[in-house]
1. How about the stretch 277-302: which of its residues are exposed (fewer than 11 other Cβ atoms within 10 Å of the Cβ) and over 33 Å from the mean Cα position of the chain (by Cα)?
2. Only one of Arg73, Arg95, Arg112 is without any contact (Cβ under 8 Å) to a residue 40 or more places away in the chain and surrounded by fewer than 17 Cβ atoms within 10 Å (Cβ to Cβ). Can you tell me which?
3. Restricted to the stretch 206-230, and to residues that are within 23 Å of Arg140 (Cα to Cα) and among the acidic types (Asp, Glu), which residue is surrounded by the most Cβ atoms within 10 Å (Cβ to Cβ)?
4. Anything in the stretch 109-145 that is basic (Lys, Arg) and touching a His at 6+ places or on another chain (Cβ under 9 Å)? List them, or say none.
5. Only one of (1) within 20 Å of the chain's Cα centre (by Cα); (2) under 30 Å from Pro178 (Cβ atoms) is not met by Val100, so which one is it?
6. Quick one: which residue in Gly42, Gly87 is under 23 Å from the mean Cα position of the chain (by Cα), more than 30 Å from Val158 (Cβ to Cβ) and small (Gly, Ala, Ser)?
7. Scan the stretch 303-317 residue by residue and report those that are assigned to a helix (DSSP H, G or I) and either surrounded by fewer than 12 Cβ atoms within 10 Å (Cβ to Cβ) or aromatic (Phe, Trp, Tyr) (or both).
8. Out of the residues in the stretch 103-142 that are within 21 Å of the chain's Cα centre (by Cα) and basic (Lys, Arg), which is nearest to Ser34 (Cα to Cα)?
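The values are calculated or read from the model by the stated rules, or taken from the named source; none is laboratory data. Just so it is clear, the model here is predicted, and its values are computed rather than measured. Neighbour counts are summed over all protein chains in view; Cβ atoms, including those assigned to glycine, are modelled from backbone coordinates with ideal geometry.
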Amino acid sequence: MWSVVSSGGVPAGERFDWYADVISREVMPAALSSERPADFQGEAAVLDLGELRVARFALSPLRSRRTPALIRRGDPEQYQLALLRKGATRMSQHRNESTVGPGDLMLWDTSRPSDNEMLAEGGQVRATVLMLPRVVMPLRTQRLDRLLADRIPGDRGVAAILASFMTALEDHGAECEPEDLRRMGAVALDLVAACLAQHLDSEDHLPFEVREQALLQRIHAFIEHNLGDPELNPSVIAAHHHISVRSLHQLFHGRKESVQARIRRRRLEQCRADLGCRDLAARPVRAIAARWGFSGPVVFSRSFRDAYGISPTEFRALSAEQSCSDRSLCRSTPA
């Protein structure tokens, strides 16, 4: 569950000082300043992912500085990687300086001085931040120094997958159990390492396990985006990722399911969701099957029955009955 702090319940004239104190105590000591402190609004929330934490911030424009004195006062010894969701931020650290906008990523080191100005005309800055202990990062400090305060475009390569993953963490992380969140933390670390290595053009310097996990995440994302393509198969997936079909099968060996089984399961899950959706009640079963890549209604019906024990038509009828029953119950329940 997210641990949330918000300036909403603080008197307007005290909000900026209150937020600055919270950040210095709960995140790290920093010198915050604002051109309009009386109008300041801010919210921060943190979710534990085992060794890592993910935070979300929504706040009015401000400037944040980390000086050597503030670092000596308190240092979480982290790399922090931000995905900017709204607004812009301009940062300088370790002889680097850049400005990033929505969809971009930026890395900084809490153990080095920095100057970060958050910008938003007439609104708030929103960001999702992964907090990564220095000791868990598989890339050497000297290599990571090149990336500090550098813009990492979040619309291509592994960075795009990482950005989507961070967005999903913010949107759905609260729905996960603690054990699932720890697994998500491990995935996040692998994706961060792969993203930074790709940006450094040094992917081969990563441990084999990290490269393998990052490749697997890219393949999972490719499958999700192409479930509706009836031509999606191991050969297509292998060719897209520049590996052999044999290597693809080896990647999935020893896991819960084969690559073909994953494609089939995800297609069936999407079809099942559509069949249970009231808004799609008029759409023919065969159209739903085709939408999610099944080659024909017979193959789909057999696969659906094997997975769920009833036919697609029977499942849709039961879902409709349940929906009617729920609505009737709501109407008969006293207010």
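1. Ala282, Pro284, listed by residue number.
2. Arg95
3. Glu212
4. Scanning the stretch 109-145 gives Arg112, Arg140, Arg143.
5. Here Val100 clears every test but (2).
6. None of the others qualify; the one that does is Gly42.
7. Once the filter is applied, which keeps residues that are assigned to a helix (DSSP H, G or I) and either surrounded by fewer than 12 Cβ atoms within 10 Å (Cβ to Cβ) or aromatic (Phe, Trp, Tyr) (or both), the stretch 303-317 yields Phe304, Asp306, Tyr308, Phe315.
8. Filtering the stretch 103-142 for residues that are within 21 Å of the chain's Cα centre (by Cα) and basic (Lys, Arg), the one nearest to Ser34 (Cα to Cα) comes out as Arg126.
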